[in-house]
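Any read-out appearing in this document is the output of simple, stated calculations on the displayed coordinates, not a laboratory observation. This structure is a prediction, so every number in the text was calculated from the model and none was measured. So basically every Cβ, Gly included, is an ideal-geometry build from the backbone, and we count neighbours across all protein chains shown.
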């Protein structure tokens, strides 16, 4: 299967505005790209590419005064199969964990584990360690939070999502990540493309998606508490501690987001 992915973002800037962008398909899928997702701007401006501390592909540019269009379109090969589940994947003791996973046990900007630890152990302390624990967390979050795009708020933390019981995919992921960390399971936040391939209509407006990965059985495994089922054609863009680390765009100056479009289509 081939999947066409891309975006078009329009900004109006009253003055030259530096931007950092995290919009390229993750390097782990580079071998699957049959058409590269090259970033283009109108008007054309110099773009500098770099890797951040988590290995994500990033770009820097300075948007000129006025309107700038930032867009890309690429094609990715995919198996076309639902994501694999590994119910027998075990949970590692802390001393067994690789050093690069330890940061994903700690609290972060949106995953405020200090406010949720006691709640997590009360809710999940009876569950068997490993895959069953992480899936139990996803089941709880899936049923606890009501998805409402109109209720999106960029400052909402995991504990606020728990108390307010409403949010968007990033809130589902943040709460599940925080609960996993409270239960000593390394968990990292992910963002990327997730279309409606294999799903029945009606389809909602397309956007970038948020999910997470948990470290079990010596590997990182994908979990998605918003959808809470194996999906087809998930394409990673970036990983980090939470949404702070994988912001699609970060702007340094006044601006107005004039338009934002994302597309994911089976070729």
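Side notes on the structure shown:
- The set of residues from the range 27-54 being in contact (Cβ under 8 Å) with a residue 40 or more places away in the chain and either surrounded by fewer than 14 Cβ atoms within 10 Å (Cβ to Cβ) or not in a loop (DSSP other than H, G, I, E, B) (or both) comprises 28, 29, 32, 33, 34, 35.
- Within the range 250-262, the set of residues being surrounded by fewer than 17 Cβ atoms within 10 Å (Cβ to Cβ) and in a strand (DSSP E or B) comprises 250, 251, 256, 257, 258, 259, 260, 261.
- Residue that is surrounded by the fewest Cβ atoms within 10 Å (Cβ to Cβ), among those in the range 158-175 that are out of contact with any helix residue (DSSP H, G or I) (no Cβ under 7 Å at 6 or more places or on another chain) and either in contact (Cβ under 8 Å) with a residue 24 or more places away in the chain or in a loop (DSSP other than H, G, I, E, B) (or both): 169
- Neighbours by Cβ (under 7 Å, 6+ apart or cross-chain): first from the range 107-132, free of Cβ contacts under 8 Å to residues at least 12 places away in the same chain; second assigned to a helix (DSSP H, G or I): 127/133; 127/136
- Residue in the range 181-190 that is in contact with a strand residue (DSSP E or B) (Cβ under 6 Å, 6 or more places away or on another chain), without any contact (Cβ under 8 Å) to a residue 40 or more places away in the chain and part of a loop (DSSP other than H, G, I, E, B) present: no
- Filtered residues of the range 216-240 (kept if on the phi < 0 side of the Ramachandran plot, out of contact with any helix residue (DSSP H, G or I) (no Cβ under 7 Å at 6 or more places or on another chain) and assigned to a loop (DSSP other than H, G, I, E, B)): 224, 227, 229, 230, 231, 232, 234
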